[in-house]
Structure formats: structure tokens, C-alpha cells
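S.K.: Once you've had a glance at the structure underneath, I'll fire off some questions.
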Amino acid sequence: MIDWLTDPYQSQFMRNAGAVALIVGVLSPTVGVWIVLRRLAYMGDAMSHATLSGVASAYLLGFSITLGALAAGLVMGVAVAVLGAHRRLGQDAIIGIVETGLFALGVIMITRSDNIGIDLGHFLFGQITTVTTSDLAVNGGLALVALVGVFASFDDLRMTTFDPLHAAQVGVRVTGLRFVLLAALSIAIVVCLSTVGILMSIAMLVVPASTARMLTDRVSTMAAASIGFGVTSAVGGLTLSYHLASPPGATIALVAVSICVVVFALTLPKRVRHHATTSAQR
């Protein structure tokens, strides 16, 4: 059993892949807790698609694709905020409009420009086994910035999530915290680009946090459990993909969903009893 776990990491490229999987397993669920609690899963999915236009633009202009993806995420957030002033449009519709435009722009730039020598599938589905030491350093630095921002704002985020009006009354900068969260979300998606890819990034953001949500109502406990599920999914999925010769990104996402299904099944009797007790009390 030990050999089954350690054999994949005998080579340097797999050790790099394991390290970045660990980073994703910690970062994405940490941000994902707030995405789930604030019901922003669609925003996370949309932002992951929107970053493709930033990647393509960065290639055309000769900039870092990391900076390009981050910029696209920030553009997405600002555009949603500006269009949100139109009272006749719901936030989900606005997010859908901005996502579609930015994602379509990115696809067209990549597929039509001879100056962009990249494979679209590399970013859609991830390429974790090609992560270099320098990529690892960049992703680790970005993750550290996002984690420090989220944990430093933990109490204020909790307050604004459950009672934003009271938070504003006691001096918490609600709008500023929203931008902190959007920035952390952008960073999490950028880090996911080289691992699980754009299409699978929402799995690491939402699934571990949702799994933890089924176990507890305490935000701190939920965050700890979410990180545990995230690390297990990322590293376990990568190890499994090595032995099965399956795509790492898809395998990581499938492991995360499988854990969620198991937790759902194990907690179902408790939820049924609670529902029955609540109904009887009424």
C-alpha cells in the first residue's frame, strides 16, 4: 500500500505536480467556503471561463499569462459590478453575459491567431504534469497572498456573509471585503489553470466546501474540513490518475465528487431524523 502511494513521486515532474496539487487542495477550498456560503458558485464558474481571454491577450502582448488571467478575473468582477446597476437585470443574467463575452473572445483569439502557440485543451483541462519549479514558486506565492488575505479577514468575512447590514453598521467595509474575496477567487482560478484546468477549477472551489457544509454549521470547522477534503481530492486524484493513466484534472474532480457523494450518503439518515423531528414539533 505504501509503495502504491509513493511510487508515482519518484520522478521530479511528479513531485512538482504533487506540490502544486497540495497548493490547490488548500487554496481552492479555503476560498470555496465563502463562495458556497455566499452562493457565488456561478460567479466562480463564470470567472474561470473569463480568464481564458486574459490568457490569450497576455500571449498576444507578450505578458505573463498569470498576470493576464488575473487581469481578466478583475475585469469580470468590475464588469459585473457596473452592469449590476441596471435594476432590470438579475445578477445571474449579468454574470452570464460577461462570462459568455470574455470566454468567447478568448476562444476566438486562441483559435484564430497564429501568434498564440498554445493548445486550448492545456488550459481547459489542465496539464499538471508539466508544472516546472518556477511555476511552483509562482503558484505558491500567489496562494500565500490569497490565503493571508482570506484568513486575515476571516471574522469580517463571516460577519458580512451572514449579516451584512449589521457589519456595515459596526464599521466593516463590506464592499472592500467583496473585492478581497473576488481577488482571492481570481488567484485560486489562476493557480488551477495549470492543474485541473479552467473547466475543472469549479470542482475544487465548490465540491470540497459543499461536502464540509453537510457536516457542520460552524464556519471554522467547515473551513478545516473543506481543506482536508480538498487535499485528499487533489493529491489522491493525482496519485490515482498515475496508476490508471487517466487525465489528472478530471480524476481529481471525480475524486472530489465521489467524496461528496459518500458524505451525503453517510449524513442522510441524520438529516432525515432531523427533518422528522422538526416536522413533529410543528
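The values are calculated or read from the model by the stated rules, or taken from the named source; none is laboratory data. This structure is a prediction, so every number in the text was calculated from the model and none was measured. For neighbour counting, all protein chains shown are included, and Cβ atoms are generated from backbone atoms with ideal geometry for every residue, glycine included.
S.K.: How about region 35-56: which of its residues are outside any loop (DSSP other than H, G, I, E, B) and either over 22 Å from Val145 (Cβ atoms) or in contact with a Lys or Arg (Cβ under 9 Å, 6 or more places away or on another chain) (or both)? Working first, answer last.
M.R.: Step one: of region 35-56, the residues outside any loop (DSSP other than H, G, I, E, B) are 35-37, 41-56.
Val36, Leu37, Ala41, Tyr42, Asp45, Ala46, His49, Leu52, Ser53, Ala56 - these are the residues of region 35-56 that are outside any loop (DSSP other than H, G, I, E, B) and either over 22 Å from Val145 (Cβ atoms) or in contact with a Lys or Arg (Cβ under 9 Å, 6 or more places away or on another chain) (or both).
S.K.: Which condition does Leu144 not pass, out of (1) touching a helix residue (DSSP H, G or I) at 6+ places or on another chain (Cβ under 8 Å); (2) under 30 Å from Leu5 (Cβ atoms), if it passes all the others?
M.R.: Checking Leu144 against (1) touching a helix residue (DSSP H, G or I) at 6+ places or on another chain (Cβ under 8 Å); (2) under 30 Å from Leu5 (Cβ atoms), the one that fails is (1).
S.K.: I'd like the full set of residues that are part of a helix (DSSP H, G or I) and among the hydroxyl-bearing types (Ser, Thr, Tyr), limited to region 1-19. So that I can check it myself, show each step before the final result.
M.R.: Pass one, region 1-19, residues part of a helix (DSSP H, G or I): 2-9, 12-19.
Thr6, Tyr9, listed by residue number.
S.K.: Which members of region 158-180 meet the condition of being among the hydroxyl-bearing types (Ser, Thr, Tyr) and surrounded by 14 or more Cβ atoms within 10 Å (Cβ to Cβ)? Reasoning before the result, please.
M.R.: To start, the set of residues in region 158-180 that are among the hydroxyl-bearing types (Ser, Thr, Tyr) comprises 160-161, 175.
Thr160, Thr161, listed by residue number.
S.K.: Right, here's the next one. Checking the structure you have, find out if any residue of region 77-95 is in contact (Cβ under 8 Å) with a residue 60 or more places away in the chain and assigned to a helix (DSSP H, G or I). Walk me through it before giving the result.
M.R.: Step one: filter region 77-95 for residues in contact (Cβ under 8 Å) with a residue 60 or more places away in the chain, giving 77.
From the residues that got through so far, the ones that are assigned to a helix (DSSP H, G or I) too are 77.
Yes, region 77-95 contains a residue that is in contact (Cβ under 8 Å) with a residue 60 or more places away in the chain and assigned to a helix (DSSP H, G or I).
S.K.: State the number of residues belonging to region 60-106 that are aliphatic (A, V, I, L, M), more than 21 Å from the chain's Cα centre (by Cα) and at pLDDT below 80.
M.R.: The number of residues fulfilling the criteria is 4.
S.K.: Please go through region 107-128 and give me each residue that is within 18 Å of Ile189 (Cα to Cα) and either among the polar types (S, T, N, Q) or modelled with pLDDT of 85 or more (or both), ordered by number.
M.R.: Selection gives Gln127 alone.
S.K.: Let me ask something else. Tally time: how many residues in region 199-222 are over 10 Å from the mean Cα position of the chain (by Cα), of a type in the set (S, T, N, Q) and over 19 Å from Phe162 (Cβ atoms)?
M.R.: Of the residues in that region, 1 qualify.
S.K.: Additional query: Of everything in region 189-248 that's among the small types (Gly, Ala, Ser) and over 21 Å from Trp34 (Cβ atoms), which residue is surrounded by the fewest Cβ atoms within 10 Å (Cβ to Cβ)?
M.R.: This residue is Ala245.
S.K.: Test Ala21 against the stated conditions and say whether it is over 22 Å from Val80 (Cα atoms) and buried (at least 23 other Cβ atoms within 10 Å of the Cβ).
M.R.: Answer is yes for this residue.
S.K.: Continuing with the same structure: How many residues, within region 144-176, are part of a helix (DSSP H, G or I) and farther than 18 Å from Leu27 by Cβ?
M.R.: Initially, region 144-176 is screened for residues part of a helix (DSSP H, G or I), giving 144-152, 154-162, 164-169, 174-176.
Retained after the next criterion (residues that are farther than 18 Å from Leu27 by Cβ): 155-156, 158-162, 164-169, 174-176.
Of the residues in region 144-176, 16 are part of a helix (DSSP H, G or I) and farther than 18 Å from Leu27 by Cβ.
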